[in-house]
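Peer 1: Just passing along the structure, written as structure tokens.
The values are calculated or read from the model by the stated rules, or taken from the named source; none is laboratory data. Just so you know, these numbers come straight off a predicted model, no measurement behind them. Glycine gets a Cβ as well: all are built from the backbone with ideal geometry, and neighbour counts include every protein chain shown. For accessibility, only protein heavy atoms count, side chains too; no ligands or nucleic acids. Shrake-Rupley method; radii C 1.70, N 1.55, O 1.52, S 1.80 Å.
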Amino acid sequence: SEKREIKEELEQSLDLYNQALSATDDGVWDWDVPTSVVYFSPRWKSMLGYANDEIENDFFEWVQLVHPDDIDACFNDIKAHMEGKTDFYENIHRMKHKDGHWLYILDRGKVVERDVEGNPIRFTGTHTDVTAIKETELNLLKTKVAAEAASQAKSDFLANMSHEIRTPMNAIIGMSNLLLDDELGHAQYSKVLAIKSSADYLLR
């Protein structure tokens, strides 16, 4: 009777766990570290475009699907968690879909069992497709870079224009001052003064 109750409680817990995972649309992995055997859930595989029988339950199946530029960071984060340097493992990396395009995957996990010497035995986690979020971030970054480049181009243009205008304006102002020192008629003096005032204003 007691065993039956425990079994029923476990089945209920598993059912709730599966329902929660179904609601989040996450994949699940369960890694037996000493043997390199990894259980990849059907959702884990279908997220990458594969049927359940198209990916072996082996750690190196995952390694082959991770982008070569991202694998070292994955191993570093896994190692840090296995050595107890982090409370849990978390990494975003690219994985190759069956049709050839790359997905951004948020991988999270935790060592849930260790041997008497503290070595990891069982490592369990989830696998979430965050491609849409990551692409939005990248597009925003591109927009930001483009805006900064446009702002810099505007600043460069204004600096160049300032220099180009300042040089002839100084010449005009200098010549106007010389003319004002000459003996001019009233009408001529007023015209030169208007030129100098306008040049001073434009220079400012």
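Peer 1: I'd like the distance separating the alpha-carbon centroids of region 97-138 and region 63-95, in whole Å.
Peer 2: 8 Å
Peer 1: Total Lys pairs in the chain closer than 18 Å by alpha-carbon, pairs eight or more apart in sequence or interchain only?
Peer 2: 8
Peer 1: Let me ask you something else. Taking all protein chains together and a probe of 1.4 Å, list Ile92, Ile172 from the most accessible to the least accessible.
Peer 2: In descending accessible area the options line up as Ile92, Ile172.
Peer 1: Pick the calculated Rg/Rh (Cα atoms, Kirkwood Rh) for this structure from (i) 1.51; (ii) 0.98; (iii) 1.09?
Peer 2: (i)
Peer 1: If you take the square roots of the eigenvalues of the alpha-carbon gyration tensor of region 94-173 and sort them as a ≥ b ≥ c, do you get rounded (a/c under 1.5), prolate (a/b over b/c) or oblate?
Peer 2: Judged from the Cα gyration tensor, region 94-173 comes out prolate (a/c at least 1.5, a/b above b/c).
Peer 1: Please report the net charge: other residues with Cβ closer than 15 Å to the Cβ of Asp115, K and R +1, D and E -1.
Peer 2: -2
Peer 1: A follow-up question, please. Summarise the accessible area of region 48-138 (1.4 Å probe, protein heavy atoms) by the percent that is carbon and sulfur.
Peer 2: Carbon plus sulfur share of accessible area: 49 percent.
Peer 1: Using a 1.4 angstrom probe, figure out how much accessible area region 66-197 has per residue, in square angstrom, rounded to the nearest whole.
Peer 2: Accessible surface, normalised per residue, equals 68 Å².
Peer 1: Which angle between 0 and 90 degrees, to the nearest 10, do you get for helix 131-181 versus the longest principal axis of the chain when only C-alpha atoms count?
Peer 2: Helix 131-181 and the main axis of the chain meet at about 10 degrees.
Peer 1: Tell me, what is a quarter of the convex hull surface for the C-alpha atoms of region 90-136, in nm² with one decimal?
Peer 2: Approximately 4.0 nm², given one-decimal rounding.
Peer 1: Of the GluC sites (Glu not before Pro) in region 92-166, which ones lie in a loop per DSSP and count no more than 12 other C-beta atoms within 10 Å?
Peer 2: Here the sparse-neighbourhood loop sites are Glu117.
Peer 1: May I ask for the net charge around Thr136, where only other residues with Cβ less than 14 Å from the Cβ of Thr136 are counted and Lys, Arg are +1 while Asp, Glu are -1?
Peer 2: 0
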